1. Filter the stretch 530-578 down to residues that are at pLDDT below 95, part of a loop (DSSP other than H, G, I, E, B) and over 19 Å from the mean Cα position of the chain (by Cα) and give me whichever is nearest to the ligand (Cβ to nearest atom).
2. Out of the stretch 413-425, which residues are at pLDDT 90 or above and surrounded by fewer than 19 Cβ atoms within 10 Å (Cβ to Cβ)?
3. If D510 meets every condition in (1) buried (at least 18 other Cβ atoms within 10 Å of the Cβ); (2) in a helix (DSSP H, G or I); (3) out of contact with any helix residue (DSSP H, G or I) (no Cβ under 9 Å at 6 or more places or on another chain) apart from one, which number is that one?
4. Checking the structure you have, find out if any residue of the stretch 285-302 is among the aromatic types (F, W, Y), part of a helix (DSSP H, G or I), within 27 Å of E604 (Cβ to Cβ) and modelled with pLDDT under 95.
5. With the checklist (1) charged (D, E, K, R); (2) surrounded by fewer than 23 Cβ atoms within 10 Å (Cβ to Cβ); (3) part of a loop (DSSP other than H, G, I, E, B) in hand, flag the one item E141 doesn't pass.
6. If the requirement is being surrounded by 20 or more Cβ atoms within 10 Å (Cβ to Cβ), farther than 28 Å from L29 by Cβ and not hydroxyl-bearing (S, T, Y), which of these qualifies: V265, V229, V233?
7. Scan the stretch 257-284 for residues that are assigned to a helix (DSSP H, G or I), closer than 16 Å to P400 by Cα and either free of Cβ contacts under 8 Å to residues at least 12 places away in the same chain or of a type outside the set (V, I, T) (or both) and jot them down.
8. Taking the stretch 579-600, which residues are of a type in the set (G, A, S) and in a strand (DSSP E or B)?
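The values are calculated or read from the model by the stated rules, or taken from the named source; none is laboratory data. Because the structure is predicted, anything quoted here is derived from the model rather than measured. Virtual Cβ from ideal backbone geometry, glycine too; neighbours counted across all protein chains shown.
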Amino acid sequence: MNHDAIAVIDFGGQYAHLIATKVRRSEVLAEILQPDDPTEMFEKYKGIIISGSPSLASHGEDSMYNKEIYDLKIPILGFCFGHQEIAKHYGGKVIHGGREWGHTDLEILRSHPIFDGLDSVQQVWMSHFDSVVEVGPEFEELAYSSMGPGTAEHRFAAIGSDSLRRYGFQFHPEVDDTTNGDKMIANFVLDICGCKPSWTMENYIGEQVGAIEKQVGDKSVFLLASGGVDSTVAAKLFAQALGSQRLELLHVDNGMMRKDESRKVMALLADLGLDSNLHFVDATSDFLDALAGVTDPEKKRSIIGQTFVDVFQREAIKLGIEGHLLGQGTIYPDTIETGGTKRADTIKTHHNRVPIIEKMIAQGKVVEPLADLYKVEVRELGEKLGIPHDALWRHPFPGPGLGVRLLCSDGKPENPGADQLAEEVSDAAREYGLEAVALPIRSVGVKADLRSYEHPVMLHGKLRYEKLLEASSGVLKDVSGINRCVWNLGQTLPRKMRLLAAYMTKDRLDLLREVDAIVMEALERHGVYDSIWQCPTVLAPLEIDGKGRELVIVRPIHSERAMTATAARLSSELIAELRQEILDIENVSGLALDLTSKPPGTIEWE
Ligand code: XMP
């Protein structure tokens, strides 16, 4: 089936994905394209949306995109940076000024199809430094911001030209804080672009069943089933298309799974009726042998990815199924984030896109029936296929598993610029009535879309949670060379810390599994598992005040799509229980709660 579709031009990863998911909510397919993609690539779409960007339109930043898109006869809508670019292109003026941030009222000047069904005052979300202060002759002002109708910078919050079918919003309708953003996007997509809403899960299942049958022919499919949402939904879809007899499932225990995880995964797959050809291999020693002595986070990731490939190839030969096609639960953002876009941050290396798999893809030997879907859509599909709610709404768990949560070190201190950083950090924290030390380890973060590898800071003292968060972001802003703040849950701020030599070993993984299980059980017991998006537990080989070997860090976060995140609050009862259960464990030297948002910290510590 050919779907009417919208092209979303990606000027800044997270905005573009949000826009695409919102367009899809109105049952119209949206796909991400790049600013310099050739004009022919845009021709099949019924409309274009230009995303926001961290760049400044007033300074001509990011202006080298393919402007021939403006010659196309299809409607174009821009948000924020996109809005300013449209204004400029058609003779308007953009200045650096009129900054607005957060909720704002939008005053709509006249009824217009793009605001169809909405009241004349709308709550919208703004985040901009530049503003449109004049529009070209064919454009009109459709709405202004109530921040200041009298000031030029706050006019032109929405502009349009019905003759050209070009529109722009200064605000971000794609974020949930714009109350009726979905409706505005639907108005553009359905009414102005005239798209037929056919992007439904029922249609998708039918199409994919057909596509799988066609690609697989009379062969069978071999799929690695991790127990995660994506591979489980993919397995169920393959079974529907081919029958479970023509699906071989392999679950690999890589030694970095959660406590009791492999047993639970095997039971789930059996419950779903996927156990006709279900195989299990304990490959712990393959992985741990390959990781012996390795400390660098990206090197760990690439070794884990390669070992998965080695293990599945070896097992396929053992099972006599090496001629089967390889099934993968790759989802849409995975294909965009690795190599698919020039803007992608390369923080994680997806192991469904390592070179050997790329080669198999080129040979047509890989089947990826979820490659067009976002996570929310995969869950919707899973529901339609009868997968239980709990299995679909588990916290996401990274492919390399606990491997990226067990920090490794050769024991040589990662000297945090010693005295000067120590002084800056404690001065900054004192402003909030807290003590602080920089930890002699480093963790991965993301700053201005680039990867950073900097020191975490440990804060100590009693403050209300909101104040702690304020202190955390204040300290991170004031001091350079740090990318995270954690809050010490021990009695005193440790002054003597020693980084120990520690690698990926079974003993350390067992300890992490134990602590991680305590945290997960506590979240469930307190009924907050579902409201928290993900909660990594991390072990850092830091000896504190001469006791124990490992510092435990708990990182509960709220997020929508993992591109940004904020620290999630845990109740004081829950924290007290964690303190009691975790600090008592032999080999644990301390416990801290990560307060960092993303950016500047990533969700995982490496
Ligand atoms: P970060 O740490 O980049 O994580 O903020 C964003 C999301 O990605 C997950 N993650 C991974 N998933 N392989 C994966 O399959 C990886 O190497 C990897 N690293 C991070 C992380 O758990 C979070 O949900």
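1. Only one residue tops the list, namely R549.
2. Hit for the stretch 413-425 is E423, nothing else.
3. (1)
4. Step one: of the stretch 285-302, the residues among the aromatic types (F, W, Y) are 287.
If we keep only those that are part of a helix (DSSP H, G or I) as well, we get 287.
Still in the running and within 27 Å of E604 (Cβ to Cβ): 287.
Still in the running and modelled with pLDDT under 95: none.
Checking the stretch 285-302: not a single residue is among the aromatic types (F, W, Y), part of a helix (DSSP H, G or I), within 27 Å of E604 (Cβ to Cβ) and modelled with pLDDT under 95.
5. Exception for E141: condition (3).
6. Numbers: V229 fails: farther than 28 Å from L29 by Cβ; V233 fails: farther than 28 Å from L29 by Cβ.
Checking each option against the conditions leaves just V265.
7. E261, S262
8. Within the stretch 579-600, the first condition is being of a type in the set (G, A, S), and the residues that meet it are 589-590, 592, 597.
The answer is S589, G590, A592.
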